[in-house]
Amino acid sequence: LAKTTQPISMDSYEGQEVNITCSHNNIATNDYITWYQQFPSQGPRFIIQGYKTKVTNEVASLFIPADRKSSTLSLPRVSLSDTAVYYCLVGAQAGTALIFGKGTTLSVSS
Amino acid sequence: DSGVTQTPKHLITATGQRVTLRCSPRSGDLSVYWYQQSLDQGLQFLIQYYNGEERAKGNILERFSAQQFPDLHSELNLSSLELGDSALYFCASSVGPRGQNTIYFGEGSWLTVV
């Protein structure tokens, strides 16, 4: 199971772009990279998933370099409501536990 | 709304007691996961079931047990409860058993042991 490493916390201001990088040096060939967002007292919510290069949806972009040993979640023009914990997960093979790390606590200020 | 339903939403019980938390996965999802989140702690993986069979096990205490029924709902049983078991328990579901399947979380069951 690929272990992930993220910054513990990040601070930003409203309107700025935020990039959160996750390291996953031992990612397996078949593993996907998935990011989740969690607000206090709520279950994590899927943000975006990718395998390689770049993926974009209505809320975020995910950049994955060719070696796939890291990934960067990009949140454009954050608002106060983006204050949350962001988790990077690397897909586990069937039969192994899907582990959430400590995530990155993003604090957005006005 | 993720489509994952958990009951009860809140539960207060005494030490030594036993409780059962219930989870109904999203329609069509065969895999169910249970996680525990204590105050200021990360999400601790407990156990995963896929189509009725246990697929992966985390740091689940022996006092805890779970199962997935033929209708795919799941129950997490917590017995001989201790104060430290007070936490938010999440159920999640996905279509398949693999990590790249998107996982959808319920709103959680708040357990307070007094």
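The values are calculated or read from the model by the stated rules, or taken from the named source; none is laboratory data. Small disclaimer: the values here were computed from a predicted structure and weren't measured. Neighbour counts run over all protein chains shown; Cβ positions are idealised from the backbone, glycine included. With ligands, DNA and RNA removed, areas are computed over all heavy atoms of the protein, side chains included. Shrake-Rupley method; radii C 1.70, N 1.55, O 1.52, S 1.80 Å.
Data table
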{"quantity": "Region A:36-60 - residue that is open to solvent by 20 Å² or more (accessible area, probe 1.4 Å) and part of a strand (DSSP E or B) and, of those, farthest from B:Glu107 (Cα to Cα)", "calculated": "A:Thr53"}
{"quantity": "Scope region B:39-55; condition modelled with pLDDT under 90 and either under 18 Å from A:Gly91 (Cα atoms) or in contact with a strand residue (DSSP E or B) (Cβ under 9 Å, 6 or more places away or on another chain) (or both); matching residues", "calculated": "B:Leu39, B:Gln41, B:Gly42, B:Leu43"}
{"quantity": "In region B:69-114, the residues that are among the small types (Gly, Ala, Ser), assigned to a strand (DSSP E or B) and within 14 Å of chain A (Cβ to nearest Cβ)", "calculated": "B:Ala87, B:Ala92, B:Ser93, B:Ser94, B:Ser109"}
{"quantity": "Candidate set from region A:28-46 (those that are of a type outside the set (Asp, Glu) and over 18 Å from A:Tyr86 (Cβ atoms)); member that is nearest to the other protein chains (Cβ to nearest Cβ)", "calculated": "A:Asn30"}
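Listed here are the residues, each with its yes/no results for (1) of a type in the set (Phe, Trp, Tyr); (2) open to solvent by less than 20 Å² (accessible area, probe 1.4 Å); (3) not in a strand (DSSP E or B).
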position: B:Leu21; (1), (2), (3): no, yes, no
position: B:Asp29; (1), (2), (3): no, yes, yes
position: B:Tyr35; (1), (2), (3): yes, yes, no
position: B:Leu39; (1), (2), (3): no, no, yes
position: B:Ala56; (1), (2), (3): no, yes, no
position: B:Ile60; (1), (2), (3): no, no, yes
position: B:Gln67; (1), (2), (3): no, no, no
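Let's see how each residue does on (1) open to solvent by less than 50 Å² (accessible area, probe 1.4 Å); (2) outside any strand (DSSP E or B):
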position: A:Asn25; (1), (2): no, yes
position: A:Leu62; (1), (2): yes, no
position: A:Val78; (1), (2): yes, yes
position: A:Val85; (1), (2): yes, no
